[in-house]
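Q: Sharing a structure below in structure tokens format, with a few things to ask.
The values are calculated or read from the model by the stated rules, or taken from the named source; none is laboratory data. Quick caveat, the model's predicted, so the values are computed rather than measured. Cβ atoms come from the backbone with ideal geometry, glycine included; neighbour counts cover every protein chain shown.
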Amino acid sequence: MKINHLLICGSLLLLLAPTLSHAQQNQPSIEQLLVEPFLDDYYSNVVYGYEIITDTQKHASRYVGNSLDCSNCHLQAGTQKEALPLNVAGMYPKWRAKNGKRNGIGLRIRECFLYSLDGIMPPEDAPEVLAIAAYITYLSQGEVMGAEPEGRGVPTLPATGYDPNPANGRSVYLEQCSSCHGEQGEGIEEMPAVWGLDSYNKGAGMNGIREAAGFIWANMPFGNGKSLSQQQALDVSAYLNLQYRPADPRDSKFLKLLEDLFN
Amino acid sequence: MGDWRTEVFAGFVGAILVIPQGITYAYLAGLQPEYGLYCAIFVTLFSSILGTSSMMSGPNTAVAILIGVAVLPLAGRGSPVYIDFVFLLCMMVGLIQLLFWLLRGARIFQYLSPAAISGISAGAGFLIIMASLDSILDLSTFRTTFFYEKLYVIISDATDLVNPYSLVIGISTILGGYIGRRYSARYYIIIAVCTGYLCGLLVAFIWPQPLTELEYLGRMPLQWLPFSIPSVNIEYLMTSIKLVPYAFTIAFIGLAQSLVIVRELKMETDQDIDLDKEVYAQGLANFLAPFFSSFVGSGSFNRTKANRSLGATTPFSGIAAAGFVLILITFLGPVLTYMPMAAMAGTLFIVGADMIKWSDVKHYAQVRSELVIYLATFISIIFFGLATGIVIAVFLSVSVFLLRISQLELSVENKDSGTLLKVKGALFYASVAHLTEKFQSHFGENLTVDLQYTTHIDQSAVDFFIRESSNMAAQGAKLTLLINDQQRRFLKKLGISSDIELISL
């Protein structure tokens, strides 16, 4: 009898084995983690990272220079596809043209503080950086290591045949965007500032016309993504690019002064 | 009451020194930076209000490290549960320190000799210098067993490890401090900080931050009254049994440092200091700390040193320091954001270097036992840390003290009736051995022992006299004791034999 039972169990396991190896270990959702009273080191870092992403002003204020939160661009706390999702741990380290270095996930996170949050670069062993790295690793569960996850970054818009037109962008902005982001781009209530001293600086990825256009087309107006035409998105993006915002921290102010003096 | 301006100014300097320490120690304790600043405000405030000295309390390295070691196995770093456990641990530490106060435990620290205190102070100065190197050279934290390994790693890997921009800012801060001291003994720490800050601005003006990778103080919004109620429920209490041994260690290390500092202040200034009250102040401040979102602290060597060199003599400077932390962070936030950590560490370096004084070594070199205590304390601190060093210092001081009081001063006079032996000192089991030698060398003679300058006689000494007198009686000699009335009563009580003749003076 017993041997029969064992055989049945064994054959069942053999049948299940291929599916088991492909099925992901069920990791707890972030909502479950938030109500859990006792967390181990990894999951508490994940929760801390989640809190930093959703409320950067409160949890990582030390390094932030403007009024934005990470989740202003990484929508739904970095889980929404085509809105710069954060499930990209498997892609790092990789070489990036932006700084001409091979970047680990840590450096990538630290540069976000420097450019998009217009703040100061945290040290590489700062707890905030480690927590965000843990959260990114948590989100990347199930992705194939080394490959681009589906819906990474923002969609690349195909050439429309027309140059982006900031004047047209301004009218689209005033019509579609200014009710949340303000006529002066200052951001109304919880909505982020899109230009001015409280917004991202000129070194940020969002300052690139194509990057911002892809983001705007896929996700804006908020909750009603892909309602603008691709040309409209490019125009708004060009309009934003012309506005006043903090300087690129990569530029040496000294060299700039020298340039100004010699010209 | 000293000049109140001096106190306020010393408080201002104390606030400048404590801000970077609060942030760093909060990391060591596994907490967010603002908890370190709240510690710098509230622990400093309470222990100064309740205390009697100009000692600066607040966040402390050894205490912060131990908090991290104790709580990290129980919950994830910085999580709400982690913070609850830290607060629970802090309340335990406060209670244990209050218990220590009830038992009048501060008496142990009265046995610390001045040499031991100077040795501890110099050792602490060395540790402060080593800690400041991390920020001056912009090293990411790495751990070594002994300090010389760290120095070796830094020197052998200098090109990879050391951030030259940070080093330039640190060196200019230190130079600014030392040059500034020639012109103004009062403002030199402020001069040093300003030099470092301006140097940092210049570096940031020429080279962009992605290139320099400098660490800055950053923005730090604070609440003015961060009330928090530590959650204590049965579930936590069950788990927190594991915290109890750590609570005892932290309570001891915190008190040991504070009391050494207070003893040093008492020794070198004319402040009216009550050690027991200081224990009470530390205990209550640490117990109250969790209710104001801060972790426990203790007295700080470096800030008390700076405080004293600026002429502060009352607890008011501590209260002022607490206020200035809040004011500086709230109103000078945007300016302080770009304060390089290297400039802050440079000032710490100066304060640490001031604590190692060549004049101390020369002063204690005149007596060999003092020099041994000084050097042994200093060396054990730089190799094994502050806690071990303090324990060794107490042990050595007490041993030297015991050795000294077990010495008897004996003088021998030959009289017609026999030998007169004058005994000065305490006659107890440890010192009787000295008498034995004298008795043996005068064996067979009539002996008169003059006990009127003897401070204490115990049972073993009486037994010794009885034994010797019967030995002498066998040889036909007689033992006479010269004593006063009080000693007569005492000796009778201890059962002195009739072989011994007692003569009252």
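Q: I'd like the full set of residues that are more than 10 Å from chain B (Cβ to nearest Cβ) and either closer than 18 Å to A:Ser140 by Cα or surrounded by 21 or more Cβ atoms within 10 Å (Cβ to Cβ) (or both), limited to region A:53-65.
A: A:Ile53, A:Thr54, A:Thr56
For (1) within 14 Å of another protein chain (Cβ to nearest Cβ); (2) among the polar types (S, T, N, Q); (3) surrounded by fewer than 23 Cβ atoms within 10 Å (Cβ to Cβ); (4) touching a strand residue (DSSP E or B) at 6+ places or on another chain (Cβ under 6 Å), each residue gets a yes or a no:
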{"residue": "B:Glu34", "(1), (2), (3), (4)": "yes, no, yes, no"}
{"residue": "B:Val81", "(1), (2), (3), (4)": "yes, no, yes, no"}
{"residue": "B:Val86", "(1), (2), (3), (4)": "yes, no, no, no"}
{"residue": "B:Phe100", "(1), (2), (3), (4)": "no, no, yes, no"}
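Q: Report yes if some residue within region A:31-46 is more than 7 Å from chain B (Cβ to nearest Cβ), of a type in the set (Gly, Ala, Ser) and under 26 Å from B:Ile23 (Cβ atoms); otherwise report no.
A: No, region A:31-46 has no match at all.
Q: Name, by its number, the condition in (1) under 24 Å from B:Leu255 (Cβ atoms); (2) over 19 Å from the mean Cα position of the chain (by Cα) that does not hold for B:Pro340.
A: (1)
Q: So, B:Thr144, is that one more than 14 Å from every other protein chain (Cβ to nearest Cβ), surrounded by fewer than 21 Cβ atoms within 10 Å (Cβ to Cβ) and closer than 21 Å to B:Thr24 by Cβ or not?
A: Yes.
Q: So B:Ser431 ticks every box in (1) farther than 30 Å from B:Leu112 by Cα; (2) buried (at least 16 other Cβ atoms within 10 Å of the Cβ); (3) of a type in the set (Ser, Thr, Tyr) but one. Which box is left unticked?
A: Unmet for B:Ser431, out of (1) farther than 30 Å from B:Leu112 by Cα; (2) buried (at least 16 other Cβ atoms within 10 Å of the Cβ); (3) of a type in the set (Ser, Thr, Tyr): (1).
Q: Do we find that A:Ser71 is within 7 Å of another protein chain (Cβ to nearest Cβ) and without any contact (Cβ under 8 Å) to a residue 24 or more places away in the chain in this structure? Talk me through it step by step, then tell me what you get.
A: Values: within 7 Å of another protein chain (Cβ to nearest Cβ): no; without any contact (Cβ under 8 Å) to a residue 24 or more places away in the chain: yes.
Judged against the criteria, A:Ser71 is not a match.
Q: Now for a different question. Condition first: polar (S, T, N, Q) and free of Cβ contacts under 8 Å to residues at least 12 places away in the same chain. Now tell me which residues in region B:145-192 satisfy that.
A: Listed by number, the residues that qualify are B:Thr145, B:Ser156, B:Thr159, B:Ser184.
Q: Can I ask one more? Could you name every one of the helices (runs of 4 or more DSSP H) located completely within region B:172-252 that has at least 3 residues being exposed (fewer than 14 other Cβ atoms within 10 Å of the Cβ), over 31 Å from the mean Cα position of the chain (by Cα) and away from chain A (no Cβ under 14 Å)? Spell out how you get there, then give the answer.
A: Numbers: elements: B:188-206, B:209-212, B:234-239.
Per the criteria, no element qualifies.
Q: Same structure, new question: Go over the candidates A:Glu124, A:Glu111 one by one and state the one that is farther than 21 Å from A:Thr156 by Cβ, part of a helix (DSSP H, G or I) and among the acidic types (Asp, Glu).
A: Selected residue: A:Glu111, the only one of A:Glu124, A:Glu111 that is farther than 21 Å from A:Thr156 by Cβ, part of a helix (DSSP H, G or I) and among the acidic types (Asp, Glu).
Q: Identify all residues within region B:259-277 that are in a helix (DSSP H, G or I) and under 20 Å from B:Ala116 (Cα atoms); write none if there are none. Even if it seems obvious, please write down each step before you answer.
A: At the first step, the residues of region B:259-277 found to be in a helix (DSSP H, G or I) are B:259-268, B:275-277.
Result: B:Leu259, B:Val260, B:Ile261, B:Val262, B:Arg263, B:Glu264, B:Leu265, B:Lys266, B:Met267, B:Glu268, B:Leu275.
Q: Sort out which residues of region A:216-228 are surrounded by fewer than 23 Cβ atoms within 10 Å (Cβ to Cβ) and within 10 Å of A:Leu157 (Cβ to Cβ), and write them in order of number.
A: Within region A:216-228, A:Ala218 is the sole residue that qualifies.
Q: Same structure again: Taking region A:75-108, which residues are in a loop (DSSP other than H, G, I, E, B) and touching a strand residue (DSSP E or B) at 6+ places or on another chain (Cβ under 6 Å)?
A: The one that is in a loop (DSSP other than H, G, I, E, B) and touching a strand residue (DSSP E or B) at 6+ places or on another chain (Cβ under 6 Å): A:Pro93.
Q: For region B:8-29, state whether one or more residues are of a type outside the set (Lys, Arg), more than 20 Å from B:Gly333 (Cβ to Cβ) and in contact with a Lys or Arg (Cβ under 6 Å, 6 or more places away or on another chain).
A: No, every residue in region B:8-29 fails to be of a type outside the set (Lys, Arg), more than 20 Å from B:Gly333 (Cβ to Cβ) and in contact with a Lys or Arg (Cβ under 6 Å, 6 or more places away or on another chain).
Q: Every residue in region B:417-452 that is modelled with pLDDT under 80 and at positive phi, please.
A: Those that are modelled with pLDDT under 80 and at positive phi: B:Gly418, B:Gly444.
Q: Within region B:68-79, work out how many residues are in contact (Cβ under 8 Å) with a residue 24 or more places away in the chain and either more than 7 Å from chain A (Cβ to nearest Cβ) or of a type in the set (Ser, Thr, Tyr) (or both).
A: If we filter region B:68-79 for residues that are in contact (Cβ under 8 Å) with a residue 24 or more places away in the chain, which is where we start, we get B:68-74, B:77-78.
So of that shortlist, the ones also either more than 7 Å from chain A (Cβ to nearest Cβ) or of a type in the set (Ser, Thr, Tyr) (or both) come out as B:68-74.
Qualifying residue count, region B:68-79: 7.
Q: Filter region A:177-207 down to the residues that are surrounded by fewer than 20 Cβ atoms within 10 Å (Cβ to Cβ) and touching a helix residue (DSSP H, G or I) at 6+ places or on another chain (Cβ under 8 Å) and list them by number.
A: Answer for region A:177-207, where residues must be surrounded by fewer than 20 Cβ atoms within 10 Å (Cβ to Cβ) and touching a helix residue (DSSP H, G or I) at 6+ places or on another chain (Cβ under 8 Å): A:Glu183, A:Ile188, A:Met191, A:Gly205.
Q: Of all residues in region B:119-171, which are assigned to a helix (DSSP H, G or I), of a type in the set (Phe, Trp, Tyr) and over 18 Å from B:Leu214 (Cβ atoms)?
A: B:Phe126, B:Phe147, B:Tyr148, B:Tyr152
Q: In region B:12-32, which residue that is under 21 Å from the mean Cα position of the chain (by Cα) and more than 26 Å from B:Cys194 (Cβ to Cβ) is surrounded by the fewest Cβ atoms within 10 Å (Cβ to Cβ)?
A: Selected residue: B:Leu28.
Q: Among the numbered criteria (1) in contact with a Gly (Cβ under 9 Å, 6 or more places away or on another chain); (2) within 12 Å of chain B (Cβ to nearest Cβ); (3) in a loop (DSSP other than H, G, I, E, B), which single criterion is violated by A:Val129?
A: For A:Val129, the exception is condition (3).
Q: Tell me whether region A:230-239 contains one or more residues that are within 14 Å of another protein chain (Cβ to nearest Cβ) and in contact (Cβ under 8 Å) with a residue 12 or more places away in the chain.
A: No.
Q: Tell me, which residue of region A:207-224 that is part of a loop (DSSP other than H, G, I, E, B) and in contact (Cβ under 8 Å) with a residue 40 or more places away in the chain is farthest from the chain's Cα centre (by Cα)?
A: Among those that are part of a loop (DSSP other than H, G, I, E, B) and in contact (Cβ under 8 Å) with a residue 40 or more places away in the chain, it is A:Pro221.
Q: Separate question: Sort out which residues of region B:472-489 are part of a helix (DSSP H, G or I) and loosely packed, with under 15 Cβ neighbours inside 10 Å, and write them in order of number.
A: B:Ala473, B:Ala474, B:Gln475, B:Asp485, B:Gln486, B:Arg489, listed by residue number.
Q: Now a separate question. Scan region A:31-47 residue by residue and report those that are of a type outside the set (Gly, Ala, Ser) and crowded, with 21+ Cβ neighbours inside 10 Å.
A: Listed by number, the residues that qualify are A:Leu39, A:Asn45, A:Val46, A:Val47.
Q: Helices (runs of 4 or more DSSP H) wholly in region B:278-370 with at least 2 residues that are modelled with pLDDT of 85 or more and buried (at least 24 other Cβ atoms within 10 Å of the Cβ) - which ones?
A: Result: B:301-309, B:316-331, B:341-355.
Q: Any residue that is within 14 Å of another protein chain (Cβ to nearest Cβ) and not hydrophobic (A, V, I, L, M, F, W, C) - is there at least one of those in region A:151-172? Can you show your working first?
A: Step one: list which residues in region A:151-172 are within 14 Å of another protein chain (Cβ to nearest Cβ), which gives none.
The answer is no; no qualifying residue exists.
Q: Next question. If only one of A:Ala247, A:Ala167 is farther than 19 Å from A:Asp69 by Cβ and exposed (fewer than 13 other Cβ atoms within 10 Å of the Cβ), which one is it?
A: A:Ala167
Q: Checking B:Ala115 against (1) out of contact with any Asp or Glu (no Cβ under 9 Å at 6 or more places or on another chain); (2) surrounded by 22 or more Cβ atoms within 10 Å (Cβ to Cβ), which single condition isn't satisfied?
A: (1)
Q: Name the one entry in B:Leu151, B:Leu133, B:Leu99 that is of a type in the set (A, V, I, L, M, F, W, C) and closer than 30 Å to B:Leu50 by Cα.
A: Result: B:Leu99 is the single residue among B:Leu151, B:Leu133, B:Leu99 that is of a type in the set (A, V, I, L, M, F, W, C) and closer than 30 Å to B:Leu50 by Cα.
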